[in-house]
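Each remark here refers to the structure printed beneath this line.
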Amino acid sequence: MPNTLLALNWKMNKTPTEARAWAEELKEKYVPVDGVELAVMAPALDLSSLAANLPAGVEFGGQDVSEHESGAYTGEISAAMLKDTGATYVVIGHSERRDYHQETDAQVAAKAKQAQANGLVPIVCVGEKLDVREKGEQVAFTLRQLEGSLAGVGAEVVVAYEPVWAIGTGKTATADDAEELAAAIREALKQQYGAKAGSIRILYGGSVKPENIAEICSKPNVNGALVGGASLKVPDVLGMNAALK
Ligand code: PGA
């Protein structure tokens, strides 16, 4: 069984000064839990501040990366730049990127390959919108998105299942809903990666908080969570970490 990954997604929150204060507060109070890995996905500008101030053993990463290696791409951040800050992970294909920046599955796959080529572990996000779920097509939709998003991507990857209707809405999928998709994703990963699929972490994301994380992560195919709103305050993070004991 792989370690459980508690991945925090700050989205567009926290200045470098605020990131430092958050990291210092975490350092004072953080008690590592056996078998649980904590990682903070922060705005790129915050990463140096996190590198200098996070407690030992807590990792960090970016929230997006360019699909290109380097060059004339004004405003973009390369995988090599993220890696150079000490980042371990990068979130790719979050539904907010897919929706507001029209990112396609092919771009998500290209970004994930670029991340891997530079020694980062991509956290590739997939998940259906409400209309798809209401038609009962969530498994077929999500697996199609997964196939395109992992085309040509190596097995050093994390998959985050985030049903879009549960993100930031307070509506959490039930633990059984999460497991339904995680089990289907696991089968698809076996087809693509064979025996290595067993060690790929599948996260659930969407209104995860201290009160519901333990039940969701107790499911056999759910190996952690990607957390937005509840990642911003240190006491919530400590609560989620402790709940995974
Ligand atoms: P939420 O966000 O926890 O605020 O629902 C999750 C995410 O978007 O990764």
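Quick rundown of the values:
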{"item": "Segments 97-106, 67-76, 227-236 sorted - mean Cβ within 10 Å per residue, highest first", "result": "227-236, 97-106, 67-76"}
{"item": "Å³ per residue enclosed by the Cα convex hull of region 60-216", "result": "119"}
{"item": "For residue 127, distant residues with modelled amide H under 5 Å away", "result": "162"}
{"item": "Ranked packing of 112-125, 209-222, most packed first, by mean Cβ within 10 Å", "result": "112-125, 209-222"}
{"item": "Anchor residue 196: aspartates and glutamates whose Cα lies under 17 Å away (excluding residues fewer than 8 positions away in-chain)", "result": "147, 156, 187"}
{"item": "Within-15-Å neighbourhood charge of residue 190 [Cβ basis; K, R +1; D, E -1]", "result": "+1"}
{"item": "Spatially proximal lysines relative to residue 135 (Cα-Cα < 19 Å; intrachain offsets below 8 disregarded)", "result": "171"}
{"item": "Local net charge near residue 51, Cβ-Cβ under 14 Å (Lys/Arg +1, Asp/Glu -1)", "result": "-1"}
{"item": "Accessible area in square angstrom per residue, the chain, 1.4 angstrom probe", "result": "44"}
{"item": "Share of carbon and sulfur in the accessible heavy-atom surface of the chain [1.4 Å probe, %]", "result": "51"}
{"item": "Long-range HN-HN contacts of residue 5 with modeled amide H, under 5 Å", "result": "37, 224, 225"}
{"item": "Pairwise centroid distance, computed over Cα atoms, of region 132-157 with region 63-101, Å", "result": "21"}
{"item": "Sequence-distant lysines (8 or more away, or on other chains) whose Cα lies within less than 17 Å of residue 29", "result": "233, 245"}
{"item": "Relative contact order for region 80-134, counting Cα pairs under 8 Å that sit 6 or more residues apart, in percent", "result": "48"}
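The values are calculated or read from the model by the stated rules, or taken from the named source; none is laboratory data. Computed from a predicted structure; not experimentally measured. Reconstructed Cβ throughout: ideal geometry from the backbone, glycine too, with neighbour counts over all protein chains shown. Only protein heavy atoms, including side chains, enter the accessible area calculation; ligands, DNA and RNA are left aside. Shrake-Rupley method; radii C 1.70, N 1.55, O 1.52, S 1.80 Å.
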